[in-house]
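Chemist: Would you mind keeping the following structure in view while I ask a few things?
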Amino acid sequence: MLVLSRKPKESIVINGNVTVSVLRVDNENVRIGIEAPIEVPVMRQEIYNEISQNNQAAAGSAKAKIKIKQLAKN
């Protein structure tokens, strides 16, 4: 992991097309802004984790349905 120090109103650029800017720092809260192309998904880690878990559960459910159909044919 690359760790950088930035002050408010300073930015970093990722891959030439994503800019992460520090907008404000208040006590323990840091407000950041992210500029990225529309095709680059940007989301909070906890949201990403929840979506991944839901996708895995749905995929497992779909696999179970396929197995049931295959067993029913035999």
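A short reminder: the numbers here are calculations on the coordinates, not readings from a lab. Given the structure is predicted, the values throughout are model-derived calculations rather than measurements. So basically every Cβ, Gly included, is an ideal-geometry build from the backbone, and we count neighbours across all protein chains shown.
Chemist: Go ahead and run the numbers for FRET between residue 6 and residue 48, Cβ-Cβ distance against an R0 of 22 Å, rounding to 0.05. Please report the intermediate quantities before stating the final value.
Modeler: On the way: r = 23 Å, r/R0 = 1.03.
Between residue 6 and residue 48 the formula returns 0.45.
Chemist: Pop out the ³J(HN,Hα) list for segment 14-20 in order, Karplus 6.51 cos²θ - 1.76 cosθ + 1.60 with θ = phi - 60°, rounded to Hz; leave Gly and Pro as x.
Modeler: With coefficients 6.51, -1.76 and 1.60, one gets 10, 6, x, 9, 10, 10, 10 Hz.
Chemist: Take each of the peptides 19-25, 47-53, average the number of other beta-carbon atoms within 10 Å over its residues, and list them starting from the highest. Could the numbers behind the result be given before it?
Modeler: Working: 19-25: 14.0, 47-53: 10.9.
Result, highest mean first: 19-25, 47-53.
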